[in-house]
1. Could you check region 62-113 and list, in sequence order, the residues that are within 23 Å of Leu147 (Cα to Cα) and among the acidic types (Asp, Glu)?
2. Quick check on Lys236: is it under 25 Å from Ser144 (Cβ atoms) and free of Cβ contacts under 8 Å to residues at least 40 places away in the same chain?
3. With the condition being within 19 Å of Met178 (Cβ to Cβ), I'd like the helices (runs of 4 or more DSSP H) fully within region 219-309 carrying at least 2 qualifying residues.
4. Which condition does Gly130 not pass, out of (1) of a type outside the set (Asp, Glu); (2) at positive phi; (3) assigned by TED's automatic domain parsing to the domain that holds Ile240, if it passes all the others?
5. Of the residues that make up region 131-141, is at least one surrounded by fewer than 24 Cβ atoms within 10 Å (Cβ to Cβ), of a type outside the set (Gly, Ala, Ser) and within 16 Å of the ligand (Cβ to nearest atom)?
6. How about region 91-155: which helices (runs of 4 or more DSSP H) wholly inside it have at least 3 residues that are closer than 11 Å to Val78 by Cβ and of a type in the set (Val, Ile, Thr)?
7. When region 215-229 is examined, which residues are found to be in contact (Cβ under 8 Å) with a residue 40 or more places away in the chain and open to solvent by less than 20 Å² (accessible area, probe 1.4 Å)?
8. Suppose the filter is surrounded by fewer than 21 Cβ atoms within 10 Å (Cβ to Cβ), within 30 Å of Arg145 (Cα to Cα) and out of contact with any His (no Cβ under 8 Å at 6 or more places or on another chain); does Arg251 pass it?
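The values are calculated or read from the model by the stated rules, or taken from the named source; none is laboratory data. The shown structure was predicted, so the numbers you read here are calculated from the model rather than taken from an experiment. A quick note on method: Cβ atoms are made from the backbone with ideal geometry, for glycine too, and the neighbour counts reach across all protein chains shown. What goes into the accessible areas is simple: the full protein's heavy atoms, side chains included, and nothing from ligands, DNA or RNA. Shrake-Rupley method; radii C 1.70, N 1.55, O 1.52, S 1.80 Å.
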Amino acid sequence: MTRSVIAGVGSALPRHILTNDDLSKIVDTTDAWITERTGIKARHIAGDDETTKSLAVEAARNALAHAGLEASAVDLIVLATSTPDHTFPATATEVQAELGITKGAAFDLQAVCSGFIYALTTADALIKSGQATCALVIGSETFSRILDWNDRATCVLFGDGAGAFVITANDGEEGGIMNCKLRSDGRYQNKLYVDGGPSTTKTVGHLRMEGREVFKHAVTNMHEVIGEILRAADVKVADIDWFVPHQANKRILDTTAGKLGVPTEKFIVTLDKHGNTSAASIPLAFDYGVKQGLIKRGQLVLMEAMGGGFTWGGILARF
Ligand code: UT7
């Protein structure tokens, strides 16, 4: 049976770092409030010359180098983003051109903060069905462009960045991507959304969120989907070496760890440095975990996310 193996990981961050203290000069907030309520200390903000595409290209190049592969090997690009460079074409095709790839397919996928889970599940399915052999799966975001910088309840939470996986088809090898679960429930679309769009306001719009409502659902949905994955894969929670969660709020991660009965030390945490980078947060955290020597080859890793839509889901993989 063909399996999708994680051959390489990489990431990219904008140059500029915005600290909580910097933010306290822009809106009525404090480092103490942001740290206590979210765990975030700083985030990277894209400059004018840094875009979702440029960050995606840098992350992709780093992932290809980590995998020891040339861009010419890639026959699929799935790019998760809610902040594309243009309404169309897909940023994925712009990345494809920049990397000099002229074969296969490239497309964007939008599931907000769950985008990377959706993209990796899609790439896995296309590899398993024989339609692709080497995929770049990218999460890249410039959420700073859709924030209302007068709204202290949201502008302190998000940051920009990109992360990428190289996924290759491998016959007979154990491990790789073992189980994927995707969920959505559109009844909650107005809890976390952007108040603009080409077909409605003809503007890009700004992010709006009922934070407390999202928090509540995130904890419940994360716990539920992790349970479903563990049962489907016949794996015990204690067997998971690392959890790589979407990085929205340290309190969500701590509550999820508590409900699962696992130590929080098993959770890779980058939100203190990156904030919430939406679809980029999981590959950014995964790459950080690998580069720090925490996540090692052969280990069991559970990735999970929840975001606007609501969308949520998880993936179990042996790295
Ligand atoms: O990535 C997609 C998924 N997103 C999430 O998972 C986000 C989930 N939600 C959260 O992480 C939290 O709900 C927040 C961090 C967004 C907010 O934390 P909270 O503990 O739920 O605070 P709150 O919204 O209930 O606000 C509490 C108070 C309010 O003041 P009053 O009404 O009690 O006087 C807010 O006005 O905190 C105030 N507040 C702030 N104060 C200082 C809100 N934002 C700020 C701020 N600085 N930046």
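1. Asp85, Asp108 - these are the residues of region 62-113 that are within 23 Å of Leu147 (Cα to Cα) and among the acidic types (Asp, Glu).
2. Against the criterion (under 25 Å from Ser144 (Cβ atoms) and free of Cβ contacts under 8 Å to residues at least 40 places away in the same chain), Lys236 does not qualify.
3. 281-291
4. Exception for Gly130: condition (3).
5. no
6. In region 91-155, 115-128 are the helices (runs of 4 or more DSSP H) which contain 3 or more residues that are closer than 11 Å to Val78 by Cβ and of a type in the set (Val, Ile, Thr).
7. Passing the criteria: Ala218, Val219, Asn221, Met222, Val225, Ile226, Ile229.
8. The answer is yes for Arg251.
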